Amino acid sequence: MIPVFETLSGQFDQVVWEQSHGQDVARVPADDWYAFAEAAKGHGFEVCADVTAVDWMRQRPDRFEVVANLLSMSLGARLRMSTSVGRDEPTVASLTPLWPGAGFAEREVFDMFGINFEEHPDLTRILMPDDWVGHPLRKDFGVGSVPVQFKASHQVD
Amino acid sequence: MSDETNDPQTEVVDLWVAGSEEPQFQPTDEGAQEISAGETPDRLDAQFGRVIDDDYLFDDDVAEDERVIVNMGPQHPSTHGVLRLEIEIEGEVIRRTKPIVGYLHTGMEKTAEQLTFGQGPTNVTRMDYLAPFHGELAYSLAVEKLLDIEVPPRAAAIRVLMTELNRVTSHLVALATNGMDIGALSMMIYGFRERESILAFFEKTTGLRMNHNYIRPGGVVADLPPGWKDDVGGILKDFPRRLDQYDDLLKENPIWLSRTRDVGVISSEEAIAFSITGPALRAAGVDWDLRKAFPYSGIENYEFEVPLGENGDVYDRYRVRIDEMWESLKIVEQVMDAMPKGDYRVADRKITPPPRARIDESMEALIHHFKLFTEGFKVPPGETYVAVESPRGELGCYLVSDGEATPYRMHTRAPSFFNLQALPMAMADSLMADTVATIASMDPVMGDVDR
């Protein structure tokens, strides 16, 4: 753990710190999501490299996990922060006031998982058509198939 | 004593507007006809460019209906795929831009959840189709991290060789299309011509010109072909001359300079705030390269520099790409000279298939082969994020496994997707004609954006 993480863990006692294959992961309560990100930015994590989500369906009590990958160019370190949000109207604070670069990524998460980001300036669908129904990367969204008929083919003996 | 009178006719205007290069320009009356009733001297002044009409540049008080929204794309030759831009223009000046993406969305992240870990590279190689090796590498490194295995040194060296050659081909396309968009058509021909010589080597090694599916979890799928040193040596011998040719063509070309200098400027603060990575970030002067910061595949063993720009304009991004090609060739040369001997994939038969000859003589080999190609190998539960420096920036793979043979979730952090966000900021208050130059210099690949 680099010193910055110790400072951060002193500030947020609700946050659970984990090591995942040599990478630092902070499990943040959904209420602290923005405050923790703000503190991390203040401590040198100047880039929000990525925001994404995982749908855990019934494997976890809170269905969705929102993951943000922070990057510090000055410290040469990465920090992955994640939080869990429930299945009914999943909502988490937007990180766009801190990092405008999170805007597209959060729109993608909204589009693919239906997770709302509070105070996002333009929370609309980005990859799917605007009139699309459903959120494709949810585990209960079927892959679908196109029926193919082979009856015109000749019999092979 | 100097004359205090301020003659408006000779006032120096520090602003370039069409026709204002020579404010004192006096047309001769040779051959001129008499001024007709409609042509007042004021109108003639305006026609000869003596009146500088710049109110459209700085006057923000124009009525709203002066602004026009122009739709560019998704089918447009210089949007590099199916990018669509809604551009709000006021005269010739862009006020607001909205990039609209998703026209190439094929649900590859969903597809990845249906494919086994061994089939995964087939999928990710189709994302960034100009840098397929980097996508495969990021995915394979993530799977290997979850499996907690190390690839043999030869596999790592082959990966570096292929990805760095791929960086050259990708930058060549970026350069070629950037040139084509601005009008330097010979650059387009040259760029694609030279790329072909490297693609021929890719085809010889992997069987395909693109979408190689060559780098797979556990190593690479096949060893380098016989005579590869001659091929790579030929590329290394040929390219310095070619790169010098591009410099002759563009580096000090006044048309190229005026079209690219101070166009589409992205400062270092803006680049960091918008999560821009890759050449666009380094052109803004930020010394950040994942190959130096978080080295992968033993790339820290090779000597290379990280080229930087100063202003973050289109010209700097072009220079950074050219310089990166030189550095990549340096790496390729070092890899070629120090290519280790040994296996090109891990010997663990639970992960990589046995050699073809072993299947005929060993029952275990046959079982392993069958199991690998029917159900694949299982990966212990866990999550990881691995990023490589693709030609466009940080290409990351966030991989979650729940212990099955298919990923529970695979997410790609696509560099073009994030770089594209900065377009409205880079294009604001610039001229309409610079749009294509700015887009091309960000080098977006729509397969990477939409995935």
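All of the numbers you see were taken from the coordinates with simple rules; none came from a lab. Nothing here was measured: the structure is a model prediction, and the numbers come from that model. Cβ atoms come from the backbone with ideal geometry, glycine included; neighbour counts cover every protein chain shown.
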Long-range HN-HN contacts of B:VAL263 with modeled amide H, under 5 Å: B:VAL314, B:TYR315
Karplus 3J(HN,Hα) series, Hz, for segment B:161-176 with 6.51 cos²θ - 1.76 cosθ + 1.60 (x for Gly, Pro): 4, 5, 5, 6, 4, 5, 5, 5, 5, 5, 5, 5, 5, 4, 5, 5
Furthest towards positive pole of dipole, A:ALA68, A:ALA40, A:TRP99, structure part segment A:3-118, Cβ charges: A:ALA68
Gain on full stretching of the segment that runs from B:LYS330 to B:GLN245 - 0.36 nm per residue minus C-alpha separation: 28.8 nm
Placed amide H near B:GLU394: partners under 5 Å, 5+ positions off or other chain: B:THR277, B:GLY278
Computed magnitude of the charge dipole of chain B (debye, nearest 20; Cβ of K, R +1, Cβ of D, E -1): 3940
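Provide the net charge surrounding A:SER72, with neighbours chosen by a C-beta distance below 10 Å and charges set as Lys +1, Arg +1, Asp -1, Glu -1.
Details: positive: A:LYS41, A:ARG78; negative: A:GLU46.
Within the 10 Å Cβ shell, the charges total +1.
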The protein assembly as shown: Cα Rg divided by the 2.2 N^0.38 Å rule of thumb: 1.10
Hz values of 3J(HN,Hα) by residue in segment A:92-102 - Karplus curve (6.51, -1.76, 1.60), Gly and Pro given as x: 8, 5, 7, 9, 5, x, 8, 10, x, x, 7
Sequence-distant residues sharing a close amide H with B:ARG84 (under 5 Å, placed H): B:ILE100
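Using only Cα atoms, what Kirkwood radius does segment B:260-369 have, in angstroms? Could you put the intermediate results ahead of the total?
Numbers: mean 1/r = 0.0583 Å⁻¹.
So the Kirkwood estimate lands at 17.2 Å.
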Rounded Å value of the spacing that divides the Cα centres of segment B:92-125 and segment B:411-451: 15
Cα-based equivalent ellipsoid of segment A:10-64: semi-axis lengths in Å, sorted from largest, via gyration tensor: 21, 14, 13
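Might you report the magnitude of the Cβ-based charge dipole of the protein assembly as shown about its Cα centre, with Lys and Arg at +1 and Asp and Glu at -1, to the nearest 20 debye?
Values: 57 positive and 102 negative charges, 919 e Å.
It comes to approximately 4420 debye.
Taking every pair of Cα atoms in segment B:108-426, average 1/r, invert it to obtain the Kirkwood radius, and report Rg/Rh to two decimals. Spell out each step's value before the answer.
Numbers: Rg = 20.2 Å, Rh = 20.4 Å.
My calculation puts Rg/Rh at 0.99.
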Projected-area mean, chain A, by convex hull of Cα positions, square nanometres: 14.0
Karplus-derived 3J(HN,Hα), 6.51/-1.76/1.60, for each residue of segment B:416-432, Hz, glycine and proline x: 4, 4, 7, 5, 5, 4, 7, 4, x, 6, 5, 9, 4, 6, 10, 7, 4
A:VAL16/A:SER74 FRET efficiency (R0 25 Å; Cβ-Cβ; nearest 0.05): 0.45
